[in-house]
1. Which residue pairs have Cβ atoms closer than 8 Å, lie 6 or more positions apart in sequence or on different chains, and pair a first residue in segment 141-154 that is under 11 Å from residue 84 (Cα atoms) and not assigned by TED's automatic domain parsing to the domain that holds residue 68 with a second residue that is surrounded by 10 or more Cβ atoms within 10 Å (Cβ to Cβ) and modelled with pLDDT under 75?
2. Considering only residues of segment 71-99 that are acidic (Asp, Glu) and crowded, with 18+ Cβ neighbours inside 10 Å, which is modelled with the highest pLDDT?
3. Kindly indicate whether residue 107 is under 30 Å from residue 66 (Cβ atoms) and of a type outside the set (Val, Ile, Thr).
Amino acid sequence: MASSRGARLIGFFGGFLLAAMLGVVGWLWSSLHSGPSIDVSRVTVVRQIQQLARLETVLFGMDKIVAGGEENKYLPQFLVGDRLLLMAYGEVTAGVDLAKLEAAQVDVTEDGVRITLPDAEVFTVRVDNERTRVFSRQTGLFTRVDPQLETEVRREAERQMRQAAIDNGILRAADDNARHTLRAFVSGLGFKEVEIKN
């Protein structure tokens, strides 16, 4: 009788322990294989992308020779006029400002997401002062040196560099690179289908 009750108790505790162990194993299995739960609602996706802010994707470096100054059409240069020739090196940075992304530009489905990116833009144009120098300066005998001339020529160099970068496709390259970068980012959120367009 005692041994029968002991056997039942052992059987009860054995079954309880086995059920508990199976429960723990099942919980561990689901934890290891289900992965973390990620909120992929439209609001969350938009917020995650907007936090990337100004996504700089292209950097162009270039040399430009830029001239500027004042001349008198009636008198020769060596008498009047002030002319400067600048050999400038600069860098133009472009990308996509994802902070401008709006909710209407993101379409989330069960398995995928479709995103329309804001247009690429030039973020900065910077003349490298260490690699930029005045190549020549000619000031007429009767002309006072203009202290602002070099600053004005440097501004013109920035303008020309910006335009040259645009003419050489910096915005198209910025769009392409932004799409590749964002596709990798969004895929990391768990989407199987990702479509990104401009």
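The values are calculated or read from the model by the stated rules, or taken from the named source; none is laboratory data. The structure presented is a predicted model; accordingly, all values stated were derived computationally and were not measured. With ideal geometry, Cβ positions are generated from the backbone for all residues, glycine too; neighbour counts draw on all protein chains shown.
1. Matching pairs, first to second residue: none at all.
2. Here the answer is 97.
3. no
Table: residues versus (1) under 20 Å from the mean Cα position of the chain (by Cα); (2) touching a residue at least 24 places away in the same chain (Cβ under 8 Å); (3) under 19 Å from residue 186 (Cα atoms); (4) not assigned by TED's automatic domain parsing to the domain that holds residue 177.
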| position | (1), (2), (3), (4) |
| --- | --- |
| 86 | no, yes, no, no |
| 93 | yes, yes, no, no |
| 97 | yes, yes, yes, no |
| 106 | yes, yes, yes, no |
| 112 | no, yes, yes, no |
